[in-house]
Structure formats: structure tokens, C-alpha cells
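Here the structure is laid out as C-alpha cells; the discussion comes afterwards.
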Amino acid sequence: MDTNAAIEVKELVVKYGQKVAVNYLSFQVPMGTIFGLLGPNGAGKTSTIKAIIGLVEKESGTVRVLGRDAASDLAWIKSNIGVVPENPALLDSLTPNEFFELVASLRRMKDTNRIKSLVDAFEFREYLDTPIASLSMGNKQKCAVIAAIMHEPKILILDEPFNGLDVRSVKIFKDIIINHVKNGGAALFSTHIMDVAERICDRVCIIDNGMKVAEGSMQELKETIQGSTLEEIFLKATHMEKEIDEVVKALSS
């Protein structure tokens, strides 16, 4: 076991009936790292994240968070992670203020000053007493982000975390993630936005059909896969480059 690992995934298999969503996947997220988990739609990214946070049962393999087994220490693990899922499940009948109070109570937070600071940072104060059900997609995402990071978790697990956010909020949240890692935390970051991943990730794991097809720093991936950008590397690693060229040529003819 790597004592410096925030997250360890080893030989992970996740199935839905006969469909294999994650196929013997292994990677480590070191502390002090933003680790990108990238792949096409249906590649197994969200299933991997759900297995880490205990939302789906793994078929086999091991998942450890801060050295603890995710299956047996889930309550402790949840107190040390902050999760922004691809489709946040918020309590629509509550207002954001009520939702934050509930989350703070579950997290046993005594000091709510950080919540106030985050609310102001994301310009969210005017929506605190509005029912969540009536919020826009972007403001629901802000609500999910604030709830995920209010307790200053050691590990952030982020699945398309910028969905619906305006440019200002994206910049603030990116800076929060970067500062979190600089201060010794870690982030597992899944996105389809290649240029964002290229700019902020220290290391990247690309998966396709549930399997790892490439992993490394940007420099390592550029050397092994021969691409000048993460987008080029991604398309080559997932064997999509030739297919896209043929589709574009057909549309242009």
C-alpha cells in the first residue's frame, strides 16, 4: 500500500448485469495531485467514481481512500471527501440555506464562516432562500459545489464539476481546486473538456471500454503517444482520430 496515495484503485471490475462497465482498472491518485480520469462517453469514468464513493458495488478488485478500504470504512471516508457528481442529487424541496444547514449538521461543522465565504465567492447569497427546485442548472451546480467543499475535505472527487457554471464561477472553482492541492490535498477530476484537463491536471489516466489505455504526466504522454495536445493524445489513445478524420472528410465532400 502506498502511504502517500489519496486513492488507490486496483484491478477494479464493475458490472451491470452482463455488461462490464469497468474492466480490471488500476491507478493511484497521490496526495498533492490533480489526477484526471478521462474517457469517451460510456468509458466507465462515472462507474469508477461511484465505486470509489460506494454508490455501486464492485464485482471484484480493491478501492482504498487514504489507506482505508472503501467498502468497510465508507462512513469515515465520506467525512474526508467532497464529491461533485455529474448529476448532483439535491433535495429540491429545501432552499440552499436549509440544504447547507443539513449538510453542515451531518458533517458536524461548528464553524459556518467558510460556508458564508463560499456563498459570497460564488455570488450565491440572493438564492439562499429560493427553493432548489426552481434554481437554474448553473445555480444548482453552485449549490452542489459549495456543499461538497464546505467542510474542507482532504480529497475532492469531481465528475464534470463545471457543468452549467458561468466563466467567473469556473475560474474561482479551478483556483479553489489548485489551492486545495497546493495545500496538500488531492483531487480526482473527470471531464470531457480536454483543454481544462490539460491546464490543471498533474497526471492523467485515459480509459476506454472500462480499461486503461494510457496514463502519465502530460510530458510522458506526449513522448509515448506522440501528440502535441491532450486532445490529440486522447483521440490517439482511444483510436478515435482516424474515425473522426473520415467523418469530417465525408461531411466536407
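The values are calculated or read from the model by the stated rules, or taken from the named source; none is laboratory data. Bear in mind that the values here come from a model prediction, so they are computed numbers and not experimental data. All Cβ positions, glycine included, derive from the backbone under ideal geometry; neighbour counts span all protein chains shown.
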Handout entry: Verdict on Phe162 being over 25 Å from Asn41 (Cα atoms), in contact with a helix residue (DSSP H, G or I) (Cβ under 7 Å, 6 or more places away or on another chain) and surrounded by 13 or more Cβ atoms within 10 Å (Cβ to Cβ)
Key = no
Exercise for the section: Determine which single condition Asn80 fails, assuming it passes every other condition in (1) touching a Lys or Arg at 6+ places or on another chain (Cβ under 9 Å); (2) modelled with pLDDT of 95 or more. Expected result: (2)
Handout entry: The lone exception for Pro153 - which of (1) in a loop (DSSP other than H, G, I, E, B); (2) of a type outside the set (Val, Ile, Thr); (3) without any contact (Cβ under 8 Å) to a residue 40 or more places away in the chain it fails
Key = (3)
Exercise for the section: Identify the single condition in (1) touching a residue at least 12 places away in the same chain (Cβ under 8 Å); (2) more than 30 Å from Lys110 (Cβ to Cβ) that Asp159 does not satisfy, given that it satisfies every other one. Expected result: (2)
Fill in the blank from the handout: Here the residues within the range 206-244 that are surrounded by fewer than 19 Cβ atoms within 10 Å (Cβ to Cβ), among the hydrophobic types (A, V, I, L, M, F, W, C) and not in a helix (DSSP H, G or I) are Met211, Val213, Met240
Handout entry: Test: Ser117 is of a type in the set (Gly, Ala, Ser) and either surrounded by 14 or more Cβ atoms within 10 Å (Cβ to Cβ) or more than 27 Å from Leu55 (Cα to Cα) (or both)
Key = yes
Handout entry: Residue that is farthest from Met211 (Cα to Cα) [pool: residues in the range 7-31 that are out of contact with any strand residue (DSSP E or B) (no Cβ under 8 Å at 6 or more places or on another chain) and not in a strand (DSSP E or B)]
Key = Gly17
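Quick grid of which residues meet (1) among the hydroxyl-bearing types (Ser, Thr, Tyr); (2) within 15 Å of the chain's Cα centre (by Cα); (3) in the same structural domain as Trp76 (by TED's automatic domain parsing):
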| residue | (1), (2), (3) |
| --- | --- |
| Lys140 | no, no, no |
| Ala147 | no, yes, no |
| Ile157 | no, yes, yes |
| Pro161 | no, yes, yes |
| Lys171 | no, no, yes |
Practice task
For residues that are at pLDDT 95 or above and either farther than 21 Å from Glu198 by Cβ or β-branched (Val, Ile, Thr) (or both), tally how many sit in the range 20-43.
Solution key: 11
Practice task
Considering only the range 171-205, state which residues are surrounded by fewer than 17 Cβ atoms within 10 Å (Cβ to Cβ), outside any helix (DSSP H, G or I) and polar (S, T, N, Q).
Solution key: Asn183
Exercise for the section: Please work out which one of (1) surrounded by fewer than 17 Cβ atoms within 10 Å (Cβ to Cβ); (2) outside any strand (DSSP E or B) is the condition Thr48 fails and give its number. Expected result: (1)
Fill in the blank from the handout: A careful count of residues in the range 77-106 that are under 19 Å from the mean Cα position of the chain (by Cα) and exposed (fewer than 15 other Cβ atoms within 10 Å of the Cβ) gives 3
